[in-house]
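A short worksheet on the structure shown next.
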Amino acid sequence: MTLVSSLRSRIFLAIALLTVVSIGASIYLVSVRVTRELEASLLRQIRSTGSLVDQLRTTRAETFATMARLVADAPKLKAAVDTNDPPTVQDNADDYRRQLNSNLLLVTNKTGQVLATVGVSPTTARIVTQQPSLRSALAGHESMTLLPQPNGILHLASVPIAIGVNPPDVLGTLSVGFLLDDAFAAQLKKITGDDIAFGMDGQILASTLPLDQRRTLALALRSTAVQDMRLGSDEYAVLPMRLSPRTQDNAEGSGPMALVLHSRTDQHRFLSTIHTELYITAVVAVLLATLLSFAVARTITRPLAAITGVMRDVAVSGDLTRKIVLRRQWDDEDARLLATTFNTLTESVARGQRDMAQRERLSSLGRLSMVIAHEVRNPLMIIKAALHTLRQPALTPEAIREVATDIDGEVVRLNRLVNEVLDFARPIQFELTDTDVNAVCRESAVAAQAGPGPGVEVRLDPDLPHIVGDADRLRVALVNLIVNARDATSDRQTPVTVVTARRGDRATIAVVDQGRGIERNDVTRIFDPYFTTKRGGTGLGLPIAKSIIEGLGGTISVVSEPSRGTEMLIEFPGETARDGSVA
């Protein structure tokens, strides 16, 4: 019995499947929507943080540039630079550097020669003097530049130290800078809550993350798109930002850049919580829906089960008096209509069966009366004639013996008629034993040849299995079949053939003749009681043979063509062993 073999199972599965699919689709859509919204929120947050970082850096740079302009415009510094004396300028530079709280302060004369440096090595000082921004300051223009340092990126503002306005007399330059280092990154993290890193030329120079993660983090400098990156056990969304415009000399990943790293840990934790709650909700909903669908299916199919149960009992027992009675709690309009219709139908069928049985009994009685009347009349007429002969005087002993023989033959004929009628009318009782089919076929062939007519040829399969049957009853059936076959070939005198064969675990018997055959319209009627095409036949021989064969668990079929002959094929299952297997 399959899972969808009953209406209750199909209704239950349909409702449960619809519920599961609906809940699953809802959970999926909610999960996708929440994930998408969280991702969009993260992108908005990280870009907002990037804007804040850039704004803080720009504000600090502008502050230093403003302070540099003020210091460069101070008369004291102008006088010191005008002396072109490095010690004099150095004393002033030390004072201004403490006031500015900068990481670097550098003063040059009008030729670009370094007059004073504070917070920078001579090597760095030479690098600064070679920058385009310093040459621009010597030309009277303010400029800014970003230089890589071992511990960060130096943000340098250079302004001219000049006297006059149109045109100004440039005495030298003042460069003030601050480092984008670990300390500055830590300040930004404290403000924004995200990790910050600064890199240049493919290297991370400052970061709030551990040093061992900088090599991996440097890969983010190759693009300006938001990207995901795993650092250690944490996963981050990384936003690279350029700190200066891109030029031909400033290739991808080589210019100064800031990285904003937003941890996805909180997002994953929140998503995990959401998913867990959604799954729990889905499981509870599916369980409730399953129980509800089962209850609905039970409510719908319980009346039908009561109806089909009665139908099944009626089909098995044939008792058409059984009625369907539905309980009050199953009061369903459709079920009530079906039950009422079935009850009405069984009443009509029972009434029709009674009428049909009555008509069948009358019809059978009429046919039987005709057959008996016909079959009895002839023997009685012969017996009457024989008795009339016996009344004649001076009968010879030979005449008396001849009359007695006629009377005896007709009595045998009447007895046979009575036996056939009784055999057909009463149930056949079988005495089942192990039966040798080949032996029964030989005995039946001999018994069927007692009277004049064609011979019987027997071809037996030595491997034929035994069957569990009644040898005497089977012999009666076979004799009837063989006698009919001999009658069909009486005008041709061709032998009747009885063939046995083994087909798998089954035993088959074929009675074949080459006689007149059976008309096509009569083939389906030859096993009907009282149907016969033979003059003087009762029409009970083949029905009795069929009842015996089917009573022994076998089957009988017929193949016939007019003027070509007939084959009666009998099949029996093989002998059943004690362990239940088939021999």
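Brief remarks on what is shown
- Considering R98, R135, R60, the condition of being basic (K, R) and at pLDDT below 85 is satisfied by R98 alone.
Let's see how each residue does on (1) within 22 Å of N151 (Cα to Cα); (2) at pLDDT 80 or above:
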residue	(1), (2)
A220	yes, yes
P240	yes, yes
L287	no, yes
I307	no, no
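- Within the stretch 351-385, the residues that satisfy the criterion of being at pLDDT 75 or above and open to solvent by less than 50 Å² (accessible area, probe 1.4 Å) are G352, I383.
- Residues satisfying the stated conditions in the stretch 148-169, i.e. open to solvent by less than 20 Å² (accessible area, probe 1.4 Å) and either of a type outside the set (S, T, Y) or out of contact with any strand residue (DSSP E or B) (no Cβ under 9 Å at 6 or more places or on another chain) (or both): G152, I153, L154, H155, L156, A157, V159, I161
- Some residue of the stretch 444-458 being crowded, with 18+ Cβ neighbours inside 10 Å, within 19 Å of E550 (Cβ to Cβ) and within 60 Å of the chain's Cα centre (by Cα): no
- Against the test of being at pLDDT 80 or above, assigned to a loop (DSSP other than H, G, I, E, B) and crowded, with 16+ Cβ neighbours inside 10 Å, the options G537, G553, G517 yield a single qualifying residue, G517.
- Conditions (1) of a type in the set (A, V, I, L, M, F, W, C); (2) open to solvent by 50 Å² or more (accessible area, probe 1.4 Å); (3) closer than 19 Å to V159 by Cα: number failed by L29: (3)
- Test: residue in the stretch 64-85 that is closer than 30 Å to R214 by Cβ, open to solvent by less than 80 Å² (accessible area, probe 1.4 Å) and of a type outside the set (A, V, I, L, M, F, W, C): no
- Scanning the stretch 46-76 for residues that are over 23 Å from T145 (Cα atoms) and touching a strand residue (DSSP E or B) at 6+ places or on another chain (Cβ under 7 Å) yields I46, R47, T49.
- Conditions (1) assigned to a strand (DSSP E or B); (2) within 16 Å of L179 (Cα to Cα); number of the one not met by I161: (2)
- From the options T117, T145, T111, T123, residue that is out of contact with any helix residue (DSSP H, G or I) (no Cβ under 6 Å at 6 or more places or on another chain) and either closer than 18 Å to V170 by Cα or crowded, with 17+ Cβ neighbours inside 10 Å (or both): T111
- Residue check, V511 farther than 16 Å from A445 by Cα and in contact with a Leu (Cβ under 6 Å, 6 or more places away or on another chain): no
- Pairing each residue of the stretch 427-441 that is more than 14 Å from L478 (Cα to Cα) with any residue that is of a type in the set (D, E) and at pLDDT 85 or above, provided the two are 6+ apart or on different chains, yields C-beta distances under 7 Å for F430/D470; E431/D470; L432/D470.
- In the stretch 131-142, the qualifying residues are those that are polar (S, T, N, Q) and open to solvent by 30 Å² or more (accessible area, probe 1.4 Å), and the one that is farthest from Q203 (Cα to Cα) is S136.
- Options Q45, Q99; residue that is open to solvent by 50 Å² or more (accessible area, probe 1.4 Å) and under 30 Å from I274 (Cβ atoms): Q45
The values are calculated or read from the model by the stated rules, or taken from the named source; none is laboratory data. The structure displayed is predicted, hence computed values, not measured ones. Neighbour counts are summed over all protein chains in view; Cβ atoms, including those assigned to glycine, are modelled from backbone coordinates with ideal geometry. Protein only, heavy atoms only, side chains kept; ligands, DNA and RNA dropped before computing areas. Shrake-Rupley method; radii C 1.70, N 1.55, O 1.52, S 1.80 Å.
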